[in-house]
Amino acid sequence: MREQINSTKVKIERLTNQLSATEELAFPYADSKLAIQQLRNKLGDANQRLRQIDGMSADLQKSALRDVNITLVRVSKLAGIISRAANIRNPFEFYRPLILLCRTLVDKDVRLILSAEYDYIPFTYPLSSSELPNFIIIGLPVSEAENVLIFPLAGHELGHSVWRRFEIDRYFERDIEKHVYQALEDHRQELSERFPEVKTLKPGQSLDESPQANTVAAECAQFVSVQIEEIFADLFALLLFRESYLHAFRYLVAPTVSQRRYSEYPPTKERATLLAHYAERANISIGVEFVGAFVDEAEAWDSTGKFLNKIVDRAAEKLRDSMFSVAESRLRDLSQPASDGGRDNVKKYFELGIPFDKPTSLGDLVNAAWAIVRSNADFEKLGGLHHGLSDLVLKSAELGEFSELFDAKQE
């Protein structure tokens with residue numbers, strides 16, 4: 001055991017040294033260095049636990065070493081993400097407007113890490129990391145880091161932070177349970193065929209009197225909770241960025257990025273249908289064939305998995321309108337929302353090859369860029385068009401920041 005303890009101390013020392021080296025990188029914003037310092041403190045706490053390990057039983061020592069190893073794994077992963085926040089391909093000009101959005105919509109003291117990752121699908125650590133509890137970490141694909149037209153996908157990741165920060169799931173626990181049991185009741189015959197213990201219920205007995213039905217319902221409820229969070233994040237990003245979220249989603253995901261569907265998400269084409277439906281409800285014009293660009297993934301291999309997915313989908317469907325309403329309410333007080341008028345004002349500048357030099361929303365900037373992309377028929381030159389428009393959007397964000405800072409100084 002002594003060898004394992006000493007080996008773990010060496011691992012902590014080496015990772016601490018790596019964090020020190022990472023801290024020397026040229027980070028454009030202070031939040032990244034603050035995150036490194038907090039991770040180093042976590043390793044210091046782990047080292048302290050090792051000093052207290054003598055005198056413990058062998059089982060307790062193994063448990064403590066396991067906990068330290070888990071800390072090393074998590075700190076290593078986070079440190080890698082933070083190090084890539086210094087990548088010069090990152091859209092640094094978007095950092096300030098995005099952190100202001102985060103502080104308006106999530107928490108006034110929140111910190112932000114924006115990183116370019118070797119992961120094709122954007123991801124987030126939404127204020128739930130025990131190592132960095134006050135940080136929102138958003139990773140965008142490094143291959144698209146210079147293409148700010150996909151930036152609205154960060155709105156989906158921001159939606160997850162809003163969901164966790166305000167514990168929105170707690171308000172729907174009873175509704176989830178009710179809709180799951182109703183979906184199971186609607187498919188009671190199939191439920192009984194797949195789970196024989198349910199057959200022992202007498203006619204008229206409620207499903208919640210069956211332990212096996214309760215187990216199935218609890219499992220489905222967990223997936224419904226995760227699925228409605230994903231639906232909320234989609235609708236939150238849609239309302240925040242309007243049509244540019246749809247264009248970015250179509251560009252990156254269509255026709256699909258998975259061979260098999262996950263219970264946590266609606267099937268991809270159904271997800272696109274849902275977005276199109278609520279876009280129409282919010283008077284957001286797509287201006288391009290959207291739903292038809294997607295296909296659904298294959299369902300679960302086994303028939304029981306398909307059945308459970310069906311129950312999850314049916315229950316989640318009942319809560320979609322509620323997710324839209326909650327997303328609307330979370331964005332109601334936004335001081336500078338994206339709008340068709342704002343987009344059109346910016347578009348006039350971009351069509352002349354001129355950056356927009358007044359404060360406006362990120363949505364207006366990216367929507368204007370997408371409007372030009374959609375009006376351009378020469379898709380053979382799409383890459384160059386993305387690059388040129390990205391430059392205009394980034395320069396406009398930078399000029400908007402300078403304008404806001406200048407106006408604040410004048411006051």
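Before moving on, here are some points about what is shown:
- Of all residues assigned to the range 10-28, at least one qualifies as being out of contact with any helix residue (DSSP H, G or I) (no Cβ under 6 Å at 6 or more places or on another chain), farther than 30 Å from A145 by Cβ and β-branched (V, I, T).
- Put simply, of S322, S361, S396 the only residue that is of a type in the set (S, T, Y) and either within 30 Å of V180 (Cα to Cα) or exposed (fewer than 15 other Cβ atoms within 10 Å of the Cβ) (or both) is S322.
- Selected residue [crowded, with 24+ Cβ neighbours inside 10 Å and at negative phi] from I138, I121, I168: I138
- Checking each residue in the range 148-162 for being under 17 Å from L392 (Cβ atoms) and either assigned by TED's automatic domain parsing to the domain that holds L105 or part of a helix (DSSP H, G or I) (or both) picks out V148, L149, I150.
- Verdict on V295 being in a loop (DSSP other than H, G, I, E, B), among the aliphatic types (A, V, I, L, M) and either without any contact (Cβ under 8 Å) to a residue 12 or more places away in the chain or closer than 24 Å to T268 by Cβ (or both): yes
- I311 surrounded by 14 or more Cβ atoms within 10 Å (Cβ to Cβ), over 25 Å from S161 (Cβ atoms), at pLDDT 95 or above and not basic (K, R): yes
- Taking first residues from the range 49-61 that are within 14 Å of Q4 (Cβ to Cβ) and partners that are loosely packed, with under 10 Cβ neighbours inside 10 Å and of a type in the set (A, V, I, L, M, F, W, C), no Cβ contact under 8 Å between residues at least 6 apart in sequence or on separate chains turns up.
- Single unsatisfied condition, Y29 versus (1) at pLDDT 95 or above; (2) under 30 Å from A327 (Cβ atoms); (3) hydroxyl-bearing (S, T, Y): (1)
- Which listed residue, of I36, I81, is touching a strand residue (DSSP E or B) at 6+ places or on another chain (Cβ under 9 Å), surrounded by 18 or more Cβ atoms within 10 Å (Cβ to Cβ) and aliphatic (A, V, I, L, M): I81
- The residues on offer are T273, T304, T268, and the sole one that is in contact with a Phe, Trp or Tyr (Cβ under 9 Å, 6 or more places away or on another chain), closer than 27 Å to S361 by Cα, of a type in the set (S, T, N, Q) and outside the structural domain of N376 (by TED's automatic domain parsing) is T273.
- Checked against (1) closer than 30 Å to P337 by Cβ; (2) in contact (Cβ under 8 Å) with a residue 24 or more places away in the chain, L78 passes all but a single condition, namely (1).
- Flag if A369 is farther than 30 Å from G388 by Cα and either touching a helix residue (DSSP H, G or I) at 6+ places or on another chain (Cβ under 6 Å) or of a type outside the set (K, R) (or both): no
- Verdict on G383 being assigned to a helix (DSSP H, G or I), modelled with pLDDT under 95 and of a type outside the set (V, I, T): yes
- Residues of the range 177-211 classified as without any contact (Cβ under 8 Å) to a residue 60 or more places away in the chain and either in contact with a His (Cβ under 7 Å, 6 or more places away or on another chain) or of a type in the set (G, A, S) (or both), total: 4
- A64 fulfils the conditions (1) loosely packed, with under 14 Cβ neighbours inside 10 Å; (2) more than 19 Å from L132 (Cα to Cα); (3) at pLDDT below 95 except for a single criterion, (1).
- Single residue of the range 4-33 satisfying the filter (closer than 30 Å to F94 by Cβ and among the polar types (S, T, N, Q)) that is surrounded by the fewest Cβ atoms within 10 Å (Cβ to Cβ): S20
The values are calculated or read from the model by the stated rules, or taken from the named source; none is laboratory data. In this text the structure is predicted, and so the values were computed from the model without any measurement. Don't worry about glycine lacking a Cβ; one is built from the backbone with ideal geometry, like all the others, and counts go over all protein chains shown.
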